[in-house]
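The values are calculated or read from the model by the stated rules, or taken from the named source; none is laboratory data. All of these numbers come straight from a predicted model, not from anything done at the bench. Glycine gets a Cβ as well: all are built from the backbone with ideal geometry, and neighbour counts include every protein chain shown. Side chains included, ligands, DNA and RNA excluded: accessible areas come from the protein's heavy atoms. Shrake-Rupley method; radii C 1.70, N 1.55, O 1.52, S 1.80 Å.
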Amino acid sequence: MRAILATLVCLGLPVAAQQAADTVAPEGPGAGALHIPKMLRASAEAKAAGRPAVAGDWMIAAAHPRAVEAGAGVLRAGGTATDAMVAAQAVLGLVEPQSSGLGGGAFLVWHDGDTGEITTLDGRETAPLAATPTLFQDANGKPLDFFEAVVGGRSVGVPGTPALMAEAHERWGRADWSGLFDDAIRLAEEGFAVSPRLAGLVARDAGRLARFESTRAYFLPGGAPLRAGETLRNPAYAETLRILAQQGPEPFYTGDVAADIAASVQGAAGNPGRLSETDLAIYAVRERDPVCAPYRRYEVCGMGPPSSGGVTVGQILGLLAPHDLAALGPDSAEAWRLIGDASRLAFADRGRYLADSDFVPVPVRGLLDPGYLRGRSRLLRGDDALPEVAPGTPEFDHALGWGDGETLSQPSTSHISIVDAHGNALSMTTTIENAFGSRLMVRGFLLNNELTDFSFASHQDGRAVANAVAPGKRPRSSMAPTILRRDRQPVLVLGSPGGSRIIGYVAKTIIAWADWGMDVQEAVTLPHLVNRFGRYDIEPAAARLAPALEGMGYEVEARALTSGLHAVEIGERLTGGADPRREGLAYGE
Ligand code: GLY
């Protein structure tokens, strides 16, 4: 091991050093101007052909080739999945700034190769101490328009990602911390090619990005949106990463970076927030109890509150357990009726009960209790869509007189799945919430708008809402970083962005893999049909199922469902799937 560490330190993980020489334009339909490093070309070809990436010892799947490249360099040099995550996250914050970064939060699920234990870390943003339940209401108590709330300082929670990276590294890292930022620093200084996805999102959001000077200067240089393929440098981000590399996360929470974050939030023209330096100073990553639920031969382990991800995925699968989905198959409308209504039942419970368990009692065990789920599952016995769906009454020993919250969660975010050569597996979903978060940019990174994941309404029909804003509270999330295990060994690592549809994307991928025998790339690619609140959102590729679903009583809407699933299967070899709906890749050796 000492030799490995020496290699990591001495070589400085020099993946990006070869970047200019190795960069080639990809071939194949839909690749556009995305630049793929030569090393990843076979992965890009496999993805385009619908085949998984294959490897023997380690693998990483993430949302941008540059992040995969940085993580792969760490894994090749003997680093752990945590080391690779730090390097990949640092690059994602640069090349995919709209989705995640140092100004955001994340949840991490870790399977430890030495102990066989699952650990979950909560790096979720917190509300400022000065926040009140009416934070997102106007003077008459009416919920604000979503973007009125989002753009500016009001929506910014204390970022958790820098602290989470450091906490995970302290627990499970083997590589020298400071070297893990080399690739991202080099890319930020030398520049990277703007991807088609980033360029498209900048063009779509130009009006909001233009509201704040530093954001406008970076994304709309000279007043025009960034173009795909143009070289973009971010020296301010490089400088921030140097601080993180040399001093760790402290300056983000008690030093100059913290002061700049608070000043930016409080000074946001038109929509200031109340985040203070004290809020940053008291931030802490929390270890949470993993949420594990059985499904078929597997144990499905994910993130508990304040994320609803682990519980809601576990509930959907638990409600489906009595049904033979394998016999029905993916082309059966009956299978999708069961999946759709199981999801609606789980979302009804989610809306009422799921929130930050440090602030409200959350009946996690009751919601996943096999008896409770068996009872709820009987509601799926008919032939048609359930006319109405209401939350159940899981067993718990506190009063649960909550009203149903209405929380908007917009599809942004990013997901990283990694398996290392030491037997560890890591699943991390990472976010700044909406695309480009609050649109406030500090020291080269964007600040989140995570607080809009709280319910804007604090009450419903006179009943308190569990996910209402409160000082120091963490907003409910849908992020569902997941590890499936069999006999305590990891077999599938996955997760996705996508707001509250994340839950449906992850559940579908598990069903496609576990029930329908698809390989990991097929399972990721399979068209989405997502039902949260009654309406069936389906991808155009699944339109053939629409008439049958409509006949069962569903309202059906065909639309793009831009998940960003990244998954690694651990079998005799490692196989990886990257979502064809985004720019990511899976790569291993
Ligand atoms: N902001 C996305 C989520 O936490 O669900």
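For the chain, give the percent of accessible area contributed by carbon and sulfur heavy atoms, probe 1.4 Å, rounded to a whole number.
Answer for the chain is 49 percent, counting heavy atoms of protein chains only.
Determine the sum of side-chain charges near Thr312: Lys and Arg each +1, Asp and Glu each -1, restricted to other residues whose C-beta is under 10 angstrom from that of Thr312.
+1
Non-local amide H neighbours of Ala586 (under 5 Å, H modeled in plane, Pro and chain starts lacking H): which ones?
Amide H neighbours of Ala586, under 5 Å, 5+ apart: Ala578.
Could you compute the FRET efficiency for Gln246 and Glu189, with r as their C-beta to C-beta distance and R0 at 25 Å, rounded to 0.05?
0.95
What list of ³J(HN,Hα) values in whole Hz, one per residue of segment 159-173 in order, does the Karplus curve 6.51 cos²θ - 1.76 cosθ + 1.60 (θ = phi - 60°) give from phi, with Gly and Pro shown as x?
Once θ is set to phi - 60°, the couplings for segment 159-173 become x, x, 5, x, 5, 5, 4, 5, 5, 5, 5, 5, 7, 10, x Hz.
Per residue of segment 275-290, what does 6.51 cos²θ - 1.76 cosθ + 1.60 with θ = phi - 60° give for ³J(HN,Hα)? Whole Hz please, x for Gly and Pro, Karplus curve as stated.
Here the 3J(HN,Hα) series is 5, 10, 5, 5, 4, 5, 5, 9, 5, 9, 5, 10, 7, 10, 5, x Hz.
Using the Cα gyration tensor of segment 270-323, with a ≥ b ≥ c the square roots of its eigenvalues, what is the shape: rounded (a/c below 1.5), prolate (a/b larger than b/c) or oblate (neither)?
Oblate.
What order do you get for 288-294, 561-567 when each peptide is scored by the mean count of other beta carbon atoms within 10 Å, highest first?
561-567, 288-294
Taking a ≥ b ≥ c as the square roots of the Cα gyration tensor eigenvalues, with a/c under 1.5 meaning rounded and otherwise prolate when a/b beats b/c, else oblate, which class fits segment 434-589?
oblate
Please work out the C-alpha center-to-center distance from segment 506-532 to segment 64-85 and express it in whole Å.
Each part's Cα centre sits 26 Å from the other's.
Rounded to the nearest 0.05, what FRET efficiency do Arg486 and Ala284 have when you use their Cβ-Cβ distance and R0 = 45 Å?
Here the calculated transfer efficiency is 0.85.
How high is the FRET efficiency from Ala560 to Glu277, r the C-beta distance, R0 45 Å, rounded to 0.05?
Working from the Cβ atoms, E equals 0.65.
From the square roots a ≥ b ≥ c of the eigenvalues of the alpha-carbon gyration tensor of segment 403-516, which class results: rounded (a/c under 1.5), prolate (a/b over b/c), or oblate?
oblate
For Thr278, Thr126, give me the order by solvent-accessible area with a 1.4 Å probe, most accessible first, ignoring ligands, DNA and RNA.
Greatest to least solvent exposure: Thr278, Thr126.
Excluding Ser178 itself, what net charge comes from residues whose Cβ is under 15 Å from its Cβ, given Lys and Arg +1 and Asp and Glu -1?
-4
Leaving out ligands and nucleic acids, note down the accessible area per residue over the chain with a 1.4 angstrom probe, in whole Å².
34 Å²
Rolling a 1.4 angstrom probe over the protein chains, ignoring ligands and nucleic acids, what is the accessible area of Arg154 in square angstrom, nearest 10?
Its accessible surface works out to 70 Å², give or take rounding.
Find how much the distance from Arg535 to Ala33 grows on full extension, using 0.36 nm per residue of separation minus their present alpha carbon separation; answer in nm with one decimal.
Gain on extension, Arg535 to Ala33, equals 177.2 nm.
What does the charge add up to near Gly248, with Lys and Arg as +1, Asp and Glu as -1, over the other residues with Cβ less than 13 Å from its Cβ?
-3
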